[in-house]
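Asker: Dropping a structure here in structure tokens format, bear with me for questions.
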């Protein structure tokens, strides 16, 4: 026996089955609304947040709930978490002026002025006049000055340049350096900020050269009745030179920051680098010459033999070249985390580099009292790749002082950090970097920063040795590395206009 259910009957059956679930959902919403409203009136912020997160996890999410959670985080001075809740509330009512204003203020307290400026386009005229006022085109001026102390010159040992069989040895090291950096930030639009800057660097360098060759020498002449004979020797002679010179480097960069909704930001940047220096070079030349072995008086004949005579000439060559870097970083804010990805291309020192990385900035307390950044980067140069790991931890020490410490492990040479704002274009290896930073905000719109960085580096030593025996033998290049250290001191001033 079979039964057929008509269409109206089937609809009524479905409504009866769904009714309890709908009633339960409605009842849960009413309970959440009643509970969180009462906790908000009583200012029991922790209990309100526990109830709010539990409700969201159970699928109960609405405008007033997110607004109250934002107010609770604000009351607990957790502005980063508050900004996230206000953004969620705006997802239910994009034009709500209350949450727009609260999110704007929370972003300012979170030190996210670019995201706050993006909110200004959604604020009413009255809100802009009351909270923002007239904004200057030039919004920020940053100046950095620094000096580097290097022990590279003291580490040079001329005996390392030449081995027992070496023909030529050379080292070219970076000594002390100093730099100045200027950054200008312009308010182009509510959602777009233009960044322009320039950097001047001056590097002291020292090139050590040693070379050896076999010098022809007449030791004695023996006279006979029939004439005379010359006796030669070819002792090995080693000479060396040391040259001090400077590299001046000018860098110019132009970038922009596009701030979109929900804490999304995009950072494109282009950098141009010009380096100039007088490069000391040793030029090798050789020639086959003939000299007298003996002389016969009776026939008035000179008998000669061939040998190779080597000559080194040392001079300077004026050198100037340009390098470029293009980089792009994108970030997205989530609750107490910011996720970011970055990539760049450059041709530093005449070699192509590709760099790609990802990082997470975390604020476990929901504010700037304690924060950090963890990142991993892949750097490839001419197909030879390696990994960089970075870690930064910072926090608030007093009302006007913040402290940060950072560590980067991996070869940073011909790499960049901070989306191309810092470039390490050199011919040496950078094994790791340690840093410490103090940020002082005694004045409202002026920040001072004091930065110390320690680098463990390696400088190459090149040797050329015979690759075999006989007239067809060629010189073979050997490379060894010598460690040295640098201590970098920087001071910066950041003025908000």
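Asker: Any chance you could count how many residues in segment 110-149 are at negative phi, free of Cβ contacts under 8 Å to residues at least 40 places away in the same chain and either in a helix (DSSP H, G or I) or surrounded by fewer than 12 Cβ atoms within 10 Å (Cβ to Cβ) (or both)?
Answerer: Adding up the residues that qualify gives 12.
Asker: Still on this model: Select, from 82, 106, 95, the only residue that is at pLDDT 95 or above, over 30 Å from residue 450 (Cβ atoms) and not in a strand (DSSP E or B).
Answerer: 82
Asker: Pairs, please: C-beta under 6 Å, at least 6 apart or cross-chain, first residue within 29 Å of residue 494 (Cβ to Cβ) and not assigned by TED's automatic domain parsing to the domain that holds residue 422 and in segment 450-476, second modelled with pLDDT of 95 or more and surrounded by 15 or more Cβ atoms within 10 Å (Cβ to Cβ)?
Answerer: none
Asker: Taking segment 150-193 as the region of interest, how many residues are under 23 Å from residue 455 (Cβ atoms) and in a loop (DSSP other than H, G, I, E, B)?
Answerer: Going through segment 150-193 one residue at a time, the tally reaches 7.
Asker: Being within 17 Å of the chain's Cα centre (by Cα) and more than 16 Å from residue 110 (Cα to Cα), is that true of even one residue in segment 309-323?
Answerer: yes
Asker: Please find, within segment 264-302, the residue that is surrounded by the most Cβ atoms within 10 Å (Cβ to Cβ) out of those that are outside any strand (DSSP E or B) and in contact (Cβ under 8 Å) with a residue 12 or more places away in the chain.
Answerer: 297
Asker: Kindly provide the set of residues from segment 327-339 that are in contact (Cβ under 8 Å) with a residue 60 or more places away in the chain, in a strand (DSSP E or B) and in contact with a strand residue (DSSP E or B) (Cβ under 9 Å, 6 or more places away or on another chain), ordered by number.
Answerer: The answer is 327, 328, 329, 330, 331, 332, 333, 338.
Asker: Would it be correct to say that residue 349 is surrounded by fewer than 17 Cβ atoms within 10 Å (Cβ to Cβ), touching a residue at least 60 places away in the same chain (Cβ under 8 Å) and under 30 Å from residue 78 (Cα atoms)?
Answerer: No.
Asker: Taking residue 34 as meeting all but one of (1) farther than 22 Å from residue 363 by Cβ; (2) touching a helix residue (DSSP H, G or I) at 6+ places or on another chain (Cβ under 8 Å); (3) part of a helix (DSSP H, G or I), write down the number of the exception.
Answerer: Against the list (1) farther than 22 Å from residue 363 by Cβ; (2) touching a helix residue (DSSP H, G or I) at 6+ places or on another chain (Cβ under 8 Å); (3) part of a helix (DSSP H, G or I), residue 34 comes up short only on (2).
The values are calculated or read from the model by the stated rules, or taken from the named source; none is laboratory data. All of these numbers come straight from a predicted model, not from anything done at the bench. As a convention, Cβ positions derive from the backbone with ideal geometry for all residues, glycine included, and neighbour counts pool all protein chains shown.
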